[in-house]
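Q: Dropping the structure in here first, questions after.
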Amino acid sequence: MKKALLFSLFTIYCLLSTASAHAQSVDILYSGMTYTPPFYEGGALWSGESVIQMVAIPQGLGNPTQLFYKWSKNGTVLGNTNGVGKNSLIFSDTIFSKPVSITVEIVAADETVLAESSVTVVPSPASLLVYEKNPLFGYLFHQEASGGYRIPEEEISFAAFPLFFSTPSPDYSSLSYSWRSNAREDSAESSVTYRVPEGTSGSSAVSVKLQNSNTIRQMVEKSFLVQFGNENSN
């Protein structure tokens, strides 16, 4: 009986200690300010030479707009971003794309640290997604063109979408495309249309390259095989 009571008291103490430890805390949420295609299920990741935004979410510390936030990057205090109500941090990746460690502290008037949280972020590589553009159903976002892609009709259109590229300008003028098949340039637009020669069958290698002129390293190329004609032909 005594052991059971001691165990119960110890369990309650642990629960109270855990609750007390999490009564005052701060979390860091972050998101890359990068482009993702429509209906993309994942989040916008931070990529090389892009911008990332971090937001501190305090818990049990009162009004977030009245708290003093102290941000540090790789151990260096960022004086110009600290202050009352400054719960967000925005910075750009360098061309070297190294991991970055961010710490935020909630500091009281007497410089006591009320809560602290740290996170290390690593830039992800930018990528490129290609989808069929159907004249009846629009973009077929449920199936990406990769590996081998069979042309079901006499004509097919593909569209390329940047993934984790820096958010492009409103007119997308910073993005340049280059579609090629069999060593021939087919289009400099974001989409291309291929027509199957009558009575032919076989396959053709297709590649598309996308480059962001506002950056140095944001360039990616994707290749896939387009098959056409009789499916049983050699």
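Q: Kindly indicate whether T36 is in contact with a Phe, Trp or Tyr (Cβ under 8 Å, 6 or more places away or on another chain) and either under 30 Å from F141 (Cβ atoms) or without any contact (Cβ under 8 Å) to a residue 40 or more places away in the chain (or both). Break it down into steps so the answer makes sense when it comes.
A: Numbers: in contact with a Phe, Trp or Tyr (Cβ under 8 Å, 6 or more places away or on another chain): yes; either under 30 Å from F141 (Cβ atoms) or without any contact (Cβ under 8 Å) to a residue 40 or more places away in the chain (or both): yes.
It is true that T36 is in contact with a Phe, Trp or Tyr (Cβ under 8 Å, 6 or more places away or on another chain) and either under 30 Å from F141 (Cβ atoms) or without any contact (Cβ under 8 Å) to a residue 40 or more places away in the chain (or both).
Q: Return yes or no: is S204 part of a strand (DSSP E or B), at negative phi and in contact (Cβ under 8 Å) with a residue 12 or more places away in the chain? Talk me through it step by step, then tell me what you get.
A: Details: part of a strand (DSSP E or B): yes; at negative phi: yes; in contact (Cβ under 8 Å) with a residue 12 or more places away in the chain: yes.
So S204 passes the test.
Q: Taking only region 72-112 into account, find how many residues are surrounded by 16 or more Cβ atoms within 10 Å (Cβ to Cβ) and among the polar types (S, T, N, Q).
A: Final tally of qualifying residues: 6.
Q: Step by step: first the residues of region 182-197, then only those that are of a type outside the set (D, E, K, R) and free of Cβ contacts under 8 Å to residues at least 40 places away in the same chain, then the one that is nearest to L128 (Cα to Cα). Which residue is that? Please lay out each step first, then the result.
A: Residues of region 182-197 that are of a type outside the set (D, E, K, R), as a first pass: 182-183, 187-188, 190-194, 196-197.
Now narrow it down to the ones that are free of Cβ contacts under 8 Å to residues at least 40 places away in the same chain: 182-183, 187-188, 190, 192-193, 197.
Details: N182: 20, A183: 20, S187: 16, A188: 15, S190: 11, V192: 15, T193: 18, P197: 28 Å.
Going through the qualifying residues, I end up with S190.
Q: Now for a separate question. I need the full set of residues from region 207-220 which are assigned to a strand (DSSP E or B) and either over 18 Å from F161 (Cα atoms) or not hydrophobic (A, V, I, L, M, F, W, C) (or both), in order please. Walk me through how you get there before you give the answer.
A: Start the filter on region 207-220 by keeping residues that are assigned to a strand (DSSP E or B), which leaves 207-212, 219-220.
Residues satisfying the conditions are S207, K209, Q211, N212.
Q: While we're on this one: Taking S223, is it assigned to a strand (DSSP E or B) and under 22 Å from I156 (Cβ atoms)?
A: Working: assigned to a strand (DSSP E or B): yes; under 22 Å from I156 (Cβ atoms): yes.
Criteria met by S223.
Q: Still on this structure: Scan region 28-50 for residues that are within 9 Å of F165 (Cα to Cα) and of a type in the set (D, E, K, R) and report the count.
A: Total meeting the criteria: 1.
Here, each number is a calculation from the coordinates, and none is a lab measurement. Worth saying up front: this structure is predicted, and the values here are computed from it rather than measured. Counting neighbours? That spans all protein chains shown, and the Cβs are built from the backbone with ideal geometry, glycine included.
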